[in-house]
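Down below is the structure, laid out as structure tokens.
The values are calculated or read from the model by the stated rules, or taken from the named source; none is laboratory data. Just so you know, these numbers come straight off a predicted model, no measurement behind them. Here Cβ is always computed from backbone atoms with ideal geometry, including for glycine, and neighbour counts include all displayed protein chains. Side chains are part of the model used for accessible areas, which takes the heavy atoms of the whole protein and leaves out ligands, DNA and RNA. Shrake-Rupley method; radii C 1.70, N 1.55, O 1.52, S 1.80 Å.
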Amino acid sequence: MKQKMRRAMGAGICVMLGAMVISGCGKHAENDGKTEEGKTIVRLMSGGAGYWEEHLEPVVEAYNESQDEIKVVVDYFQYDALLSNIEVKLGSKSQDYDMLTVDAPLVAAYANRGYITPLDDYFTEEEVNQFVKSEKDSSYWDGNFMAAPMNNSTQILWYNEDLLKKAGLSCPGSDPEDRMSWEEIVDMAEKAQREADPDGTEGIMGIMFEQVDRTYQMLALPNSYGETSIGEDGYTAEGVLDSDGWKKALKFYGSLYENGTSARGVTAEEVTGYFTSGKVVFMIGATWTGANAEAAGLHYGYTPCPYFKGYEDKVATPTGSWHIGISSFSGHKDACADFLKYLTIGEGQKWNESAGNVPPTVSGVKDSMKASCII
């Protein structure tokens, strides 16, 4: 009897844990079906849990108020949980979600797996050309426009003014003409690190990448040696990832950890917190870092992403961000397309203003440049 009870309890725990994995700590806003007003619910599976809600929800609400027949509902997930849920839901051809946010490097993967549907019938060529070129280019797979950019970003080298000044070092300038080499930056970082934390007990880090394990930032290193990210066919790695430039880039990155300039065991979710708490001398991070540093009261500055000596004309800066796609298994594709256009090229793209993102369109970037000296 006890054995049967243990088996039943074990089965119940497995079911519970399975449900937790599928939910991924996301916010499930309301049940599927229709609202009390009779509107059809169109559901978006989104990243950005814990941050995007306060910026994205106001524009979603404004859109919903303008609609008579549909209501967009957003469920937010943290990054890793989002990726897991996409694989579970779309890999099983589930109709639970109609739309999904797509990390730019994954547009091709999801298109190739049949998870997202082409948007060519919904966006005209003129509308597609409203997007910044780098964002537009990353939206295509096999000649089809697969996902619409919902925001953009660019990377800057942020620094802690107090740590540099304590070491007697001058702060780098923010003008592109003031761009420094990686060799110079590493030297400055290590000097400031030694001065602030001579015995290593304060946990001061010399250089950190905000997204330490994601291609979005890391590809800039081999690109800055003049290397491409993958073969022209989108598949070939031989002759690309084993090239001299890639080897130099990986050796450089590895040396930061071998020398203790960068800290092991710090996740992408933790890096910004260490920087804003005064524990990092230099950090490669996106434009929204400024708002986080301001809120923390940090004395900070920024300078363009560095180059490698001898490759000054090859310097690469990470760009691109999140897209939004329509699930191939959605039964509300037309409604989804209308929302996509609102969020990406319409009034909805204004959510980027409060979130500290670079807008995805050329006109949006120009407006942002007028309002900010960083973007």
Amide proton proximity set for Y51, modelled H, under 5 Å, gap of 5+: none
If the convex hull of the alpha-carbon atoms of the chain is projected onto planes in all directions, what is the mean projected area in square nanometres? 23.7
With charges set only on the Cβ (+1 for Lys and Arg, -1 for Asp and Glu), what does the dipole of the chain come to about its Cα centre, in debye to the nearest 20? 1340
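Return the percentage of antiparallel bridges among DSSP beta bridges fully within the chain, rounded to the nearest 5 %. Present the calculation step by step, with values, prior to reporting the outcome.
Values: 23 of 37 bridges.
Beta bridges within the chain, antiparallel portion: roughly 60 percent.
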Accessible solvent surface per residue of region 178-229, calculated while the other protein chains remain in place, 1.4 angstrom probe, Å²: 42
So A296 and E177, fully extended at 0.36 nm per residue minus their Cα-Cα distance, gain in nm 39.9 nm
Å² per residue, accessible surface of region 250-330 at 1.4 Å: 41
Spin-label model distance (nm) - E312 vs D121, 7 Å beyond Cα toward Cβ: 5.3
Taking the Cα atoms of region 258-375, what is the range of coordinates along each of the three principal axes, in descending order and whole Å? 54, 37, 35
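Out of every Cα-Cα pair in region 89-199, what percent are more than 25 Å apart? Mind showing how you got there, number by number?
Working: 3061 of 6105 pairs.
Every Cα pair in region 89-199 considered, those over 25 Å come to 50 percent.
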Rounded to whole Å, give me the distance from the Cα center of region 50-113 to that of region 220-284. 29
Run the reach check for K39 against lysines, Cα to Cα strictly under 21 Å, same-chain hits fewer than 8 apart removed. What comes back? K27, K71, K333, K341
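Using a 1.4 angstrom probe on the protein heavy atoms only, could you order R113, R43 from most to least accessible area?
Working: R113 125, R43 5 Å².
Sorted descending by solvent-accessible area, the residues read R113, R43.
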Rounded to the nearest 0.05, what FRET efficiency do S363 and T201 have when you use their Cβ-Cβ distance and R0 = 56 Å? 0.65
Please report the relative contact order for region 127-186, taking Cα pairs under 8 Å with a sequence separation of at least 6, and give it as a percent rounded to a whole number. 15
With every protein chain kept in place and a 1.4 Å probe, region 93-164 has an accessible area per residue in Å² of 39
Using a Gaussian network model of the chain with C-alpha springs under 10 Å, which one of G47, G346, G278 is most mobile by mean-square fluctuation? G346
Cross-link reach list, lysines versus K309, counting only Cα pairs under 30 Å and skipping chain neighbours closer than eight places: K133, K165, K166, K191, K247, K248, K251, K279
GNM on the chain, C-alpha springs below 10 Å: top fluctuator among T228, T154, T289? T228
Debye log10 I(q)/I(0) for region 67-133, one point scatterer per Cα, at q = 0.24 Å⁻¹: -1.21
Region 316-322 - phi-based ³J(HN,Hα) in whole Hz, Karplus 6.51/-1.76/1.60, Gly and Pro as x: 10, 10, x, 8, x, 7, 9
Rg/Rh (Cα only; Kirkwood hydrodynamic radius) as it applies to region 307-362: 1.21
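Exactly which chymotrypsin sites (Phe, Trp or Tyr not before Pro) in region 218-289 are in a DSSP loop and have at most 16 other Cβ atoms within 10 Å? Provide the component values of the computation, followed by the final result.
Working: sites: Y225, Y235, W246, F252, Y253, Y257, Y274, F275, F282, W288; in loops: Y225, Y235, W288.
Those satisfying the criteria are Y235.
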Structure-based [θ]222 nm, the chain - -39500 (n - 2.57) summed over DSSP H runs of at least 4, per residue, nearest 500: -11500 deg cm²/dmol
Which distance in nm do the two modelled labels at E232 and S66 give, with both placed 7 Å along the Cα-to-Cβ direction? 4.3
Within the chain, excluding any GluC sites (Glu not before Pro) found in a DSSP loop (not H, G, I, E or B) and having at most 15 other Cβ atoms within 10 Å, the longest uninterrupted segment runs 239-375
Long-range HN-HN contacts of V280 with modeled amide H, under 5 Å: M205
What distance in nm separates the two pseudo spin-label positions at K166 and E184, each 7 Å out from Cα along the beta-carbon direction? 2.4
With a 1.4 Å probe and all protein chains left in place, how much of the accessible area of region 32-115 comes from carbon and sulfur atoms, in whole percent? 43
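Calculate what fraction, in whole %, of the accessible area of region 143-259 sits on carbon and sulfur atoms when a 1.4 Å probe is rolled over the protein chains. Walk me through the numbers before you get to the answer.
Working: 2560 of 5550 Å².
Taking all protein chains in place, region 143-259 shows 46 percent carbon and sulfur surface.
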Distance from a point 7 Å along Cα→Cβ of K341 to each backbone N in region 89-106: keep the residues under 18 Å and list them by number. 99
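How much length is gained on full extension from T35 to R113, taking 0.36 nm per residue of separation minus their Cα-Cα distance?
Working: separation 78, 0.36 × 78 = 28.08 nm, distance 3.23 nm.
Additional length available on full extension: 24.9 nm.
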